[in-house]
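Comments concern the structure below.
The values are calculated or read from the model by the stated rules, or taken from the named source; none is laboratory data. Computed from a predicted structure; not experimentally measured. Heads up, the Cβs are rebuilt from the backbone with ideal geometry, glycines too, and the neighbour counts pull from every protein chain shown. These area figures cover heavy atoms from the full protein model, side chains too; ligands, DNA and RNA do not enter into them. Shrake-Rupley method; radii C 1.70, N 1.55, O 1.52, S 1.80 Å.
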Amino acid sequence: MSELKMSIEELLSFPDDKGHFGPYGGRFVSETLMAALDDLAVMYKDKSTDPEFQAEFDHDLAHYVGRPSPLYYAERWSKKLGGARIFLKREDLNHTGAHKINNTVGQALLAKYMGKKRVIAETGAGQHGVASATVAARLGMQCTVFMGSEDIQRQTLNVYRMKLLGAEVVAVDSGSRTLKDAMNEAMRHWVTNVDDTFYIIGTVAGPHPYPQLVRDFQAVIGREARAQCIEQNGCLPDALVACVGGGSNAIGLFHPFISDEAVKMYGVEAAGHGLATGEHAAPLCEGKPGVLHGSRTYLMSDKAGQIIETHSVSAGLDYPGVGPEHSILKDSGRAEYVAVTDEEALSAFRSLTQLEGIMPALESSHALAYAEKLAPTMKQDQIIIVNLSGRGDKDIHTVAVIDGIQVLD
Amino acid sequence: MSRIKGCFERLQGEGRKALIPFVTAGDSNPELTVPLMHSMVKSGADIIELGIPFSDPMADGPVIQLACERALSHGVTLADVLLMVSEFRKQDNQTPVVLMGYLNPIETMGYEYFAEQAAEAGVDGVLTVDLPPEEADEINGYLLQKKIDSIFLVAPTTTPERVQKICSKASGYIYYVSLKGVTGSAALDTAAVAERVSMIKGLTDLPVGVGFGIRNGETAAAIAKNADGAVVGSVLVEQIAKNQQQSDHAIAGVSSILKEMRTAMDKLNR
């Protein structure tokens, strides 16, 4: 194993009081939001060590989300690949069909304790929007979801789900009309309505304390997977694989394994049409550090510092930034970041559907595609855990269009 | 003495308040900016805030978002903005120029190089919207070395303790954001602003400029009663947006709004 550039203790100490993960993270927002972020940080610091809050969160995860999610040995798929045994962490089986609900349940509890009557959220693929609309319905809060108009086209089913749940979906027409623009618009709305509104950020990006609290709410994935792997196999896995857009499902899986140094961690970004084409969404592989959406992190920006438009077949990965903790995991050498193309992800989508009867989200298909490359290089007694972060029903329309098939609109 | 400090002292001596127009550099085309700056000075501007176009202006409303898009469609970079300031300085060595923008273009250029280039171009102050004082020490060091003022925002949500902390890192002036919202928002409550401005002035000797939501002479005058300056942006940028094909109309439109504001603000202090 290659030498780490930073001690495990230091990695685990992040973030500091100001939300820094080494040179990354922090709080880069306009002054109007600073008070709200301070309030949230104070509330979270208090609740994160409050056994009553944790018990309430755990109860919701068990009885509303349906946790623990299974760790499933994908035997046929593994054997076909001919190498390591691959286990899938089945976040697709959660209520609302993705890992996103873990975080929205947690943040909705915080909103409730802070006495907020409305929540807002940004969404790319729509999974976080659905998960936010879901918890808002349950708690009787008003919910407004900001979504790029390009993504609204790609994810009509999720848009309708949000509306059925009682949420207002606001189409964002500025910039590239995708996730980053939805996040800009959500921030603008939050500035204007900061007194009564809680902003449920869907990923480990954004200003402090969001990267920390979203990570903590998602870390249930890794804690469960670690215990399940030991229970089923008597040992830890050899490698973890998860897709990275903003990076919440990946951090959720990785974080509880950080001190298990022998466990390799692979974050898989969207290479879109190929890294060489420039049409991708792979800031950790191809970008450089910069500041966007409240934190310093790896970004895709041009030589003048303008944010570049990204491309991925998967709306949830179509984002030019990434959570700051991934930036430090990359620099430290503790995690490795790779990228797979649209085509490779689509091929993995079909393999898993046909060999295991599990239809994965296109986001998760990126992780699966990398596992297809990794498994054959490993021995048959080795274990890979892939985070199957969401189910693919929402993507059927996209895949059908690629196949040239008209499904009902 | 810095141009900004000199400007506020001169105005104070004359019993007047600063009129501070904002336009996005390179909007609606790069050739318009320098002539527009000169014309704004003639129409009564005391300090010019020049926006650095950015792809993701999170604190701005639709008017300034579109201004950024227009400037970026011409490929305007931070380096170009600095060239515009140099060009302006060939004819105007008096009027302070403040750059207002977001951190990523500045960070991409490099803090030290940016400070050098900005000083050389004749920039007097820098206001980075998404850079609160907690994160600003490094760039402030370079700006200070080059005698460029660091201007910070204070918001309606800022506590008095934070106002003090912000003022301890700021120079030039304090930019008070008059409302919870983005630039170009709806009507502001001038009485509430007056109260906040008095609070801030009780905590610092720095001049206080007020911006966001000032759209006409009447509001500018009401704001100037308590504040040291009125910042006006979106209503000017609307003129530029309306007259994209005719630069002289854009300049005339901006000019006429500034003259109205200047007259209203000066009347008040007479």
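Below, the figures for the structure above:
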| read-out | value |
| --- | --- |
| Among (1) under 28 Å from A:Phe146 (Cα atoms); (2) of a type outside the set (S, T, N, Q); (3) surrounded by 24 or more Cβ atoms within 10 Å (Cβ to Cβ) - the single one B:Val63 does not satisfy | (3) |
| Hey, A:Leu292 touching a helix residue (DSSP H, G or I) at 6+ places or on another chain (Cβ under 7 Å), buried (at least 24 other Cβ atoms within 10 Å of the Cβ) and within 28 Å of A:Met187 (Cα to Cα) or not | yes |
| Any hit, the range B:172-182, residues being facing chain A (nearest Cβ under 10 Å), out of contact with any strand residue (DSSP E or B) (no Cβ under 6 Å at 6 or more places or on another chain), open to solvent by 60 Å² or more (accessible area, probe 1.4 Å) and not aromatic (Phe, Trp, Tyr) | yes |
| Complete set of residues in the range B:147-164 that are part of a strand (DSSP E or B) and more than 7 Å from every other protein chain (Cβ to nearest Cβ) | B:Asp149, B:Ser150, B:Phe152 |
| Which numbered condition A:Thr203 fails, given (1) open to solvent by 20 Å² or more (accessible area, probe 1.4 Å); (2) at pLDDT 95 or above; (3) among the β-branched types (Val, Ile, Thr) | (1) |
| Selection status of B:Val235, in a helix (DSSP H, G or I) and either open to solvent by 50 Å² or more (accessible area, probe 1.4 Å) or over 24 Å from B:Arg10 (Cβ atoms) (or both) | yes |
| Residue list for the range A:337-389, restricted to those being open to solvent by 30 Å² or more (accessible area, probe 1.4 Å), over 16 Å from A:Val399 (Cα atoms) and touching a Ser or Thr at 6+ places or on another chain (Cβ under 9 Å) | A:Glu372, A:Gln380 |
| Verdict on A:Leu236 being part of a loop (DSSP other than H, G, I, E, B), of a type in the set (A, V, I, L, M) and farther than 28 Å from A:Asp181 by Cβ | yes |
| So A:Glu3, is it more than 24 Å from the chain's Cα centre (by Cα), acidic (Asp, Glu) and modelled with pLDDT under 95 | yes |
| Filter result for the condition that a residue is assigned to a strand (DSSP E or B) and open to solvent by 10 Å² or more (accessible area, probe 1.4 Å), over A:Val145, A:Val170 | A:Val170 |
| Residues located in the range A:51-95, provided they are of a type in the set (D, E, K, R), touching a helix residue (DSSP H, G or I) at 6+ places or on another chain (Cβ under 9 Å), exposed (fewer than 14 other Cβ atoms within 10 Å of the Cβ) and closer than 16 Å to A:Gly106 by Cβ | A:Asp58 |
| Candidate set from the range A:182-200 (those that are in contact (Cβ under 8 Å) with a residue 60 or more places away in the chain, facing chain B (nearest Cβ under 9 Å) and outside any helix (DSSP H, G or I)); member that is most open to solvent (accessible area, probe 1.4 Å) | A:Asn193 |
| Candidates A:Leu284, A:Leu240, A:Leu253, A:Leu179 - the one that is open to solvent by 10 Å² or more (accessible area, probe 1.4 Å) and aliphatic (A, V, I, L, M) | A:Leu179 |
